[in-house]
Each structure stands twice: as C-alpha cells, then as structure tokens.
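To keep things clear, I will list the structure first and then write my remarks on it.
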Amino acid sequence: MRTLAESDQLKLELLLQKVRENTRDFLGYPVAKDFDYRDLSDLLKYPLNNLGDPFMDSTFTVDSKEMERELLSFIAKLFRAPENDWWGYVNNGSSEGNLYGLYLARELYPNAIVYYSEATHYSVQKNLHLLHLSGIVVRSQRNGEICYDDLEQLLNRNRHVPAIILANIGTTMSEARDKVNKLKQSLKKAVVKNYYIHCDAALSGGIVPFLDPRPSFDFEDGADSISLSGHKFFGSPVPCGVVIVRKANRDRIARSVSYIGSMDTTITGSRNGLAPVFLWHTIKSLGMEGLKKRVEHSLEVAAYTVEQLRQIGIEAWRNEQAITVVLPTPSASIIKKYQLATENGYSHIICMPNVSKKQIDEVVISLAPASEG
C-alpha cells in the first residue's frame with residue numbers, strides 16, 4: 001500500500017478544492033461535466049491499454065477493445081459510414097483525429113495542397129508541419145463558415161494538384177459548420193478530380209446527427225474521414241476522441257508488428273483503455289433518445305441565452321442550430337469568473353448539456369450594465 005506524506009496529502013486536497021471551484025462556473029469551453037462514472041472506479045486498479053488495432057486482439061490482453069468496437073460501430077452509424085468500408089479508433093482528442101485524417105490523405109495524395117479556413121483550429125497548422133504538407137488558408141464568412149467562392153478561386157489556380165479539404169463542422173469560436181455538399185460543388189466547378197475531405201467535428205460531431213434538417217457533414221455527403229472529441233459533448237474525465245475513416249484508405253498505412261501481435265494502424269500505438277469505456281458507458285446509458293434530449297436541451301438554453309443577453313443590450317448571436325453564443329468581450333473579471341474563451345474582441349458561452357437557464361440568469365445579472373458599473 002502506497003501512502004503519502006501529510007504535506008503531499010494536503011496538496012491533493014487543495015487540488016481537489018481548486019478543481020471543484022474552477023469547474024463550477026466555467027462556460028467558455030466545450031466540455032460536458034454532467035457525468036458520473038463512479039461505478040467504473042474499480043477499473044482504475046488495472047493498466048488498461050488498448051494496444052494496436054481495436055479490431056485485432058493483441059498479445060497484451062488487459063484491454064477494453066470489445067467496448068471500443070461497440071462504441072466505434074455506434075459512431076460510424078451516426079456518421080453514416082459505408083457499412084463494409086469504415087474503420088476507426090479511440091484516441092486522445094480531435095487534434096489527433098485531424099492528424100490521422102490528414103495522414104491518410106497525404107498517403108493517398110503525397111503532393112496535395114490542404115485547404116482550410118482562417119477559422120480552423122490552431123492545431124491544424126501544427127499537423128501540416130508534422131506531415132510536411134503544404135496548406136492554403138481560405139477566407140471565412142462573417143459567421144465563421146468557409147467562403148466557398150474564395151475556395152473555388154484558390155482551387156482553380158491549383159486545379160492540377162490534388163486537394164485535401166479540411167472542413168470545420170463547428171468552428172472554435174462560433175460553431176460555424178462548413179457544408180460538405182457545397183465543398184464538393186466547389187471542387188467540381190474547379191474541375192479538381194483528385195481530392196480528400198476530412199471533417200473536424202470535435203464538438204458538433206455529437207450534435208449534428210440529431211438535428212433536423214441534418215447538416216451536410218458525413219460520409220454519405222462525401223466525407224472521407226471525421227474526427228470527434230469524446231470529452232466534449234459526450235463527456236469524459238480524460239481528454240479523448242474518435243476518428244472514423246474509410247477502411248480502404250486506412251489499409252494503405254497498416255503494417256503488422258510481431259512485438260504486439262497486432263497491426264500498427266494508429267498514431268500512438270499504446271492507447272488509453274479507460275476512455276472507450278467512459279464513452280461506451282455514455283451511449284449505453286443514454287441511448288439515442290437520451291443523446292437527442294441532450295442536444296435539444298442545449299439548443300433551448302442557447303436560444304434562451306441569446307434572448308436574455310439581447311434584452312440587456314448585449315449584441316449576442318449564434319449560428320443556426322448551434323449551442324455556442326457569441327458576444328462582445330466583457331470585462332476581465334467576467335472572463336476570469338466564467339473562463340470565457342476570447343478572440344478578436346469576441347467571447348463565447350457554450351451551452352453544454354450541463355448548463356441550465358438558472359446559470360444563464362446568473363451570467364446575465366453579472367453582465368447587466370448596473371453590475372458592470
């Protein structure tokens with residue numbers, strides 16, 4: 001039995017207190033906190049490692065691959081992946097999922113140019129650097145969605161070069177969603193025949209499958225790979241994500257590794273065996289109906305937030321069917337209290353499933369002119 005010195009135990013207690021306090025009010029980041037995985041606590045006694053390919057057993061068998069496969073199948077159906085031509089794995093988050101999608105795209109088209117909007121997540125430029133890929137930044141519309149006219153012009157200039165399109169299915173600041181069907185139209189107009197479309201659906205991947213009308217974002221619409229963050233809309237105590245790709249593209253990079261008795265098909269090799277269990281627990285306990293209710297609740301609270309902020313004179317807005325509410329950047333004290341992400345004079349409140357109208361009322365009171373003064 002390992003024991004801590006009294007001073008170290010105090011550090012842990014202070015950490016717990018800090019985490020509890022800092023979790024209470026934050027509204028500026030897309031992290032769901034309405035989960036309770038205490039019935040999984042016994043798994044913390046074991047070194048769960050989903051080593052290698054999730055669809056192949058390994059010589060290391062302290063894993064949760066069976067649950068990972070169930071989870072992947074569920075997500076693949078949400079994304080309308082082709083029944084006999086999809087593959088995926090649970091990873092550390094959408095940044096890794098984006099890296100994986102771009103990796104497959106590069107192996108398919110080694111000399112391709114990557115097109116991505118100026119509203120794209122900051123990690124994408126790092127991924128391009130790691131993969132030695134050339135990229136062109138495309139202008140965004142005012143709401144954060146990619147400018148299709150600008151994209152078409154850029155494609156026209158480079159129509160002889162294969163194109164990799166990184167589509168945002170929910171931008172970081174305004175949750176704007178690029179439309180895959182319109183991206184394909186731009187490619188067609190520019191007569192670019194060789195292309196690959198990867199969709200970064202970090203937050204919105206857990207939302208858009210339940211919307212009506214359904215946004216154009218998935219495999220039936222023309223996507224070749226889609227990444228999703230598990231700790232965002234679904235909720236997890238550890239950062240994690242899911243990437244779903246076309247199996248034919250994954251097969252290009254697969255190789256057998258005798259040391260692990262499995263195929264080397266992922267970025268990291270060793271993978272967190274707890275994360276798939278957390279997400280599996282969520283989809284099994286909530287089901288399709290429970291997940292849909294989470295989406296409906298978040299949309300309702302987001303609409304309420306815009307209405308309440310406008311009533312006190314704040315020009316708040318949100319994209320259609322989005323749970324992210326954008327507002328002019330408030331005072332530093334408000335930013336600090338609610339941990340509001342801020343960029344170019346704007347901040348946002350993200351109405352995750354755990355956010356209630358009562359919490360929004362408290363924010364509105366603190367933002368009211370009398371309070372600010």
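The numbers here are math on the coordinates, done by the rules we state, and not lab data. All of these numbers come straight from a predicted model, not from anything done at the bench. Note that we place each Cβ from the backbone using ideal geometry, even for glycine, and neighbour counts take in every protein chain shown.
Note on segment 302-373 and segment 196-219: Cα centroid distance 25 Å, given to the nearest whole angstrom. The aspartates and glutamates within cross-link reach of LYS336, meaning a Cα-to-Cα straight distance under 17 Å and a gap of 8 or more places when in the same chain, are GLU21, ASP25, GLU362, GLU372. Look at THR342, THR268 and count the other Cβ atoms within 10 Å of each Cβ; fewest to most, that gives THR268, THR342.
May I ask you to order 186-193, 61-68, 229-236 by the average number of other C-beta atoms within 10 Å around their residues, highest value first?
Numbers: 186-193: 16.5, 61-68: 18.6, 229-236: 26.1.
The packing order, highest mean first, is 229-236, 61-68, 186-193.
In a GNM of the chain with a 10 Å cut-off on Cα contacts, which of ALA248, ALA316, ALA112 has the highest mean-square fluctuation? Result for the chain, Cα springs under 10 Å: ALA248 fluctuates most.
By other beta-carbon atoms within 10 Å, ranking LEU166, LEU309, LEU40 with the fewest at the front produces LEU40, LEU309, LEU166. Exposure proxy ranking for ARG246, ARG252, ARG318, based on other Cβ atoms within 10 angstrom of each Cβ and starting from the fewest, stands as ARG252, ARG246, ARG318. For LYS77, the lysines whose Cα falls under 29 Å of its own Cα, not counting residues fewer than eight places away in the same chain, are LYS33, LYS65, LYS179, LYS182, LYS184, LYS188, LYS193, LYS232, LYS247, LYS284, LYS292, LYS293.
Does a label point 7 Å from the Cα of GLU107, set along Cα-to-beta-carbon, have any residues of segment 220-247 with amide nitrogen under 13 Å, and which are they? Residues 245-247 qualify, since their backbone N sits under 13 Å from the label point.
Taking Rh as the Kirkwood radius, which is the inverse of the mean 1/r over Cα pairs, what is the Rg/Rh value for segment 42-283? Before the final figure, lay out each step's value.
Working: Rg = 17.6 Å, Rh = 18.1 Å.
Rg/Rh for segment 42-283 comes to 0.97.
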